[in-house]
Amino acid sequence: MYIGPFQIIARVGRVAYQLDLPVELGQIHNTFHVSHLRKCVADESMVISLDDIQIDESLNYMEKPVAILDRETKALQNKEVKLVKVQWQHRKGYEWTWESEDEMRNHYPDLFASTDFKDEV
């Protein structure tokens, strides 16, 4: 997921660019390697506004889980891992991933209130 678009101020060397970042992102260094940049897309649904994102104190983007869709147990060589299918909300729509049930229960216990799988055998 990318935030932007931002105007390029200058090219720094052969593989980095300095961007004109808004005041809200003043704590972030404004020079980026080309691998962290994407060409501006004309499709407005792909652009994420700064108002639509949450950034934690470490300046990491925080995604919001919406629901638990499914559950499965993955058998490894010497143990079993419980996984849950988590639906995430983004501005461009919904996306899902398989996550550790224990981690999701620790970070988002409210997600399991309406979909508690403990009764399953």
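The values are calculated or read from the model by the stated rules, or taken from the named source; none is laboratory data. The structure displayed is predicted, hence computed values, not measured ones. Note that each Cβ is placed from the backbone with ideal geometry, even for glycine, and that neighbours are counted across all protein chains shown. Each accessible area value is taken on the protein alone, full model and side chains, heavy atoms only, with ligands, DNA and RNA left out. Shrake-Rupley method; radii C 1.70, N 1.55, O 1.52, S 1.80 Å.
Can you give me the long-range amide H partners of Val12? Hydrogens built in the peptide plane at 1.01 Å from N, cutoff under 5 Å, separation of 5 or more residues or another chain.
Here Tyr17, Gln18 satisfy the definition.
What accessible area, in Å² to the nearest ten, does a 1.4 Å probe give for Ser100?
About 40 Å², ignoring ligands and nucleic acids.
With a 10 Å radius around each residue's Cβ, average the other Cβ atoms per peptide and rank 75-83, 102-110, highest first. Spell out each step's value before the answer.
Working: 75-83: 9.4, 102-110: 11.7.
Highest to lowest by the protection proxy: 102-110, 75-83.
Under 5 Å between amide hydrogens, which residues at least 5 positions from Leu69 or on another chain qualify, with H placed 1.01 Å from N in the peptide plane?
Hits under the 5 Å cutoff: Lys85, Val86, Gln87.
Can you tell me the FRET efficiency between Asn78 and His107 if r is taken as the Cβ-Cβ distance and R0 is 22 Å, rounded to the nearest 0.05? Write out the running numbers ahead of the final one.
Numbers: r = 26 Å, r/R0 = 1.18.
The computed FRET efficiency comes out at 0.25.
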